[in-house]
Amino acid sequence: MGPDSMPSSRKTPNGGPGARVGAASPRTGAEPAAPAEADRRARVIIENVDPEIDCGRFPVKRTPGEQVQVEADVFCDGHDVVAAVVRFGRGDDLNEVRMKPLINDRWRAVFSVGDELGAEHYTIQAWVDRFATWQRDLRKRVDANEDVTVPLASGAALIRGAAERASGEDASRLRGIADRVEAGDTRDALDEELAALMLRYDERPHAVAYVRTLPVLIEPERARFSTWYEVFPRSVTDDPNRHGTLRDVTGLVPSIAESGFDVLYLPPIHPIAHTNRKGRNNNPVSEPGDVGSPWAIGAEEGGHTAIHPDLGTFDDFDALVAACRDHGIDLAVDIAFQCSPEHPYVKEHPEWFKWRPDGTIQYAENPPKKYQDIYPLDFECEAWRELWDELASVVRFWVDRGVRIFRVDNPHTKPFRFWEWLIAEIKRDHPEVIFLAEAFTRPRVMERLAKLGFSQSYTYFAWRNTKWELEQYMNELTTTELRHYFRPNFWPNTPDILTEYLQYGGRGAFMARLVLAATLSSSYGIYGPAFELMEGRAAAHGSEEYLDSEKYQIRIWDRDRPDGLRDLVSRLNRMRHQHPALQTNDRFKLHHVDNDNIIGYSKVSADGSNVVLCFVNVDPYHVQAGWTWLDLEELGIDGSRPFQVHDLITDAHYLWNGPRNYIELSPWIVPAHVFAVRTRVRTEQDFDYYL
């Protein structure tokens with residue numbers, strides 16, 4: 001499909017059914033059609049369906065086996081009982097699960113998506129449940145000692161109707177019950193198992209289908225749970241005069257895997273132009289030996305499908321991909337759709353750029369910042385179709401070389417429709433591919449990028465440093481519609497972002513931000529060596545740029561330095577892999593602490609078996625203490641009995657009682673507790689052991 005044939009807003013899924021988990025079962029019996037417009041006997045209303053992203057324009061996102069909780073307002077006129085089901089699956093091969101009433105005509109059901117990547121869909125069907133209405137009214141009449149002879153005869157007729165739609169043992173059973181009910185057996189008539197059987201063979205008179213079929217996009221588990229490490233290949237060296245190589249990065253892979261990372265991200269590895277090359281510390285004039293910015297892509301050696309000659313060859317790249325795979329790591333590469341003045345596109349396709357009245361190409365600007373070494377592409381040019389096709393071929397090129405994760409640079413500066421088309425094109429043949437949007441921009445823009453296909457998104461986490469800011473932001477990410485399609489990836493630092501908090505907070509700030517990133521979000525990353533070694537020197541007061549930024553020069557990093565944070569990083573990453581509660585954001589809960597400098601929160605695994613409870617001192621300068629007030633019900637804890645908490649950072653064990661407990665955290669030692677909660681003490685010896 002070419003770019004002039006844009007994908008529809010909702011494709012009809014196809015393919016076989018995925019594996020099913022949970023209480024859903026295939027529909028048995030005749031399938032009622034949605035009522036024709038002329039059939040005005042349909043009485044049920046279905047409204048306010050959740051989740052539903054932009055009226056079904058965009059899918060909710062899940063990974064294999066994850067659940068989708070569906071709610072809706074379902075009601076009809078009068079006092080009749082209604083029934084509703086969620087129907088879900090691929091194509092026409094649908095399963096269904098019964099919805100249950102909550103309060104005020106709100107209904108809910110939960111289903112699990114399949115294991116196959118790609119698109120599924122769901123909708124709701126509802127109807128007046130004549131048998132449930134009859135059974136409810138019969139119970140009232142029996143309780144009032146009324147004569148129920150005629151009502152029993154009416155019920156028997158309903159049961160016989162269901163028997164005609166059933167077969168085998170179910171049909172025989174229903175016929176026998178109908179005879180007993182008609183003979184006056186109210187016990188059988190009010191049996192709950194009969195109600196379930198009747199629902200299965202209900203003819204669903206005048207059933208109403210929701211007006212939309214809603215999409216679900218199933219992506220790899222790595223889209224939900226991932227731990228990223230960013231490294232500049234040219235700095236993987238022990239000599240500032242020797243350019244690091246891809247082979248050097250390959251040698252680093254075992255260490256990165258040992259630290260618990262599962263995604264290794266490389267900034268652009270392409271040739272860098274000499275024209276307008278940036279010098280050290282973003283100097284617009286370079287000196288001999290300056291290596292320039294990797295984002296100034298393109299030189300005589302090639303462009304977006306070439307490798308910088310100082311980094312090595314494609315054989316070296318393939319070896320790196322293989323080494324990552326052998327260690328359970330995915331290699332992520334950077335997609336930055338921009339060009340240096342020496343990029344082959346400039347000569348071969350000048351029509352793809354914006355030309356100024358003086359006959360020069362417009363370079364990138366974000367006033368007052370100027371990027372003279374970068375030419376933006378003109379996505380509105382007359383040759384846009386050819387441009388879009390070419391850029392899609394760049395992504396395919398790296399997919400063919402084994403790359404399955406792409407960190408996309410500044411996607412908010414390119415058209416939404418381009419990304420929607422490109423991601424759909426790639427995922428059509430490779431649904432396992434993941435795209436991370438590096439867009440630090442306005443909220444609605446970031447949200448739109450997530451809706452139209454980006455699997456993960458950078459966030460405002462780096463600038464949310466106080467307890468109040470963090471609580472508000474986590475509530476936004478986990479309790480609003482965002483939770484269905486916006487997957488946050490928390491980065492406390494990047495090569496472009498050195499926050500004031502890290503510049504002045506010292507070791508306590510780096511430790512606190514690390515724990516927060518690793519436990520608040522199921523996906524997080526660090527600009528690796530700079531964070532592990534607590535690099536906090538800014539280029540200037542009020543700037544978030546690093547002094548001697550690695551974007552413009554080779555830096556030497558000693559990851560084994562004893563005062564670094566590598567051990568804490570490894571501990572946190574191990575606990576993330578060992579505790580399913582930290583691998584999802586679905587059951588996140590804030591807990592009260594009576595100190596505005598200590599944030600408390602918990603995460604619970606989908607099945608409720610794993611509970612992690614966290615407390616972090618966000619003040620990097622002072623010891624902070626306070627009393628918690630835990631939501632024990634949310635944690636699955638019996639408040640009448642003591643429970644144990646095991647600190648996964650220090651390996652200490654504590655015995656707590658009830659919701660109110662004391663916390664004291666020092667920023668100079670460890671500014672956080674990450675507790676695994678054990679809710680039951682089995683023997684007296686356990687008390688001695690865990691104390």
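The values are calculated or read from the model by the stated rules, or taken from the named source; none is laboratory data. Note that the structure is a prediction, hence the values are computed from the model and not measured. Cβ sites come from the backbone with ideal geometry, for glycine too, and all protein chains shown count toward neighbours. Ligands, DNA and RNA are stripped out before the accessible areas are found, and what is left, the full protein with its side chains, is counted by its heavy atoms. Shrake-Rupley method; radii C 1.70, N 1.55, O 1.52, S 1.80 Å.
Brief remarks on what is shown
- Residue within segment 220-237 that is crowded, with 16+ Cβ neighbours inside 10 Å, without any contact (Cβ under 8 Å) to a residue 24 or more places away in the chain, on the phi < 0 side of the Ramachandran plot and not charged (D, E, K, R) present: yes
- Look at segment 373-400: where a residue is under 19 Å from THR413 (Cα atoms) and among the aliphatic types (A, V, I, L, M) and a partner is open to solvent by 20 Å² or more (accessible area, probe 1.4 Å) and part of a helix (DSSP H, G or I), sitting 6+ places away or on another chain with Cβ atoms under 6 Å, you get ALA383/GLU351.
- The numbered conditions (1) of a type outside the set (Phe, Trp, Tyr); (2) open to solvent by 60 Å² or more (accessible area, probe 1.4 Å); (3) outside any loop (DSSP other than H, G, I, E, B); (4) at positive phi are all true for GLU47 except (4).
- Single condition SER549 does not satisfy, out of (1) in contact (Cβ under 8 Å) with a residue 12 or more places away in the chain; (2) in a helix (DSSP H, G or I): (2)
- Test: residue in segment 206-218 that is open to solvent by 30 Å² or more (accessible area, probe 1.4 Å) and β-branched (Val, Ile, Thr): yes
- Unique match (being part of a loop (DSSP other than H, G, I, E, B) and over 14 Å from ASP373 (Cβ atoms)) among ARG242, ARG277, ARG247: ARG242
- Per-region count, segment 238-256, residues buried (at least 19 other Cβ atoms within 10 Å of the Cβ) and small (Gly, Ala, Ser): 1
- Among the residues of segment 365-377, those that are under 18 Å from HIS304 (Cα atoms) and out of contact with any Leu (no Cβ under 8 Å at 6 or more places or on another chain) comprise ASP373, ILE374, TYR375, PRO376.
- The condition of being surrounded by 20 or more Cβ atoms within 10 Å (Cβ to Cβ), under 23 Å from ARG404 (Cβ atoms) and of a type in the set (Asp, Glu) holds for only one of ASP262, ASP315, that being ASP262.
- Of all residues making up segment 635-666, the number that are charged (D, E, K, R) and surrounded by 14 or more Cβ atoms within 10 Å (Cβ to Cβ): 1
- Counting residues in segment 118-141 that are open to solvent by less than 60 Å² (accessible area, probe 1.4 Å), over 30 Å from VAL49 (Cα atoms) and at pLDDT 95 or above gives one or more.
- Out of LEU436, LEU482, LEU452, one residue alone is out of contact with any Gly (no Cβ under 7 Å at 6 or more places or on another chain), over 18 Å from ARG407 (Cα atoms) and touching a residue at least 12 places away in the same chain (Cβ under 8 Å). It is LEU482.
- Residues that are open to solvent by less than 10 Å² (accessible area, probe 1.4 Å) and closer than 19 Å to ILE669 by Cβ, drawn from segment 579-612: VAL593, ILE598, ILE599, GLY600
- Of all residues in segment 145-181, those satisfying the criterion of being under 15 Å from GLN135 (Cβ atoms), touching a residue at least 24 places away in the same chain (Cβ under 8 Å) and touching a helix residue (DSSP H, G or I) at 6+ places or on another chain (Cβ under 7 Å) are VAL148, LEU152, ALA153, GLY155, ALA156, LEU158, ILE159, ALA162, LEU174, VAL181.
- Test: residue in segment 383-393 that is part of a loop (DSSP other than H, G, I, E, B), touching an Asp or Glu at 6+ places or on another chain (Cβ under 7 Å) and over 23 Å from THR227 (Cα atoms): yes
- Tabulated pairs, segment 598-619, first at pLDDT 95 or above, second of a type in the set (Phe, Trp, Tyr), C-beta under 7 angstrom, 6+ apart or interchain: ILE598/PHE615; GLY600/PHE615; TYR601/PHE588; LYS603/PHE588; VAL612/PHE675; LEU613/PHE675; CYS614/TYR601
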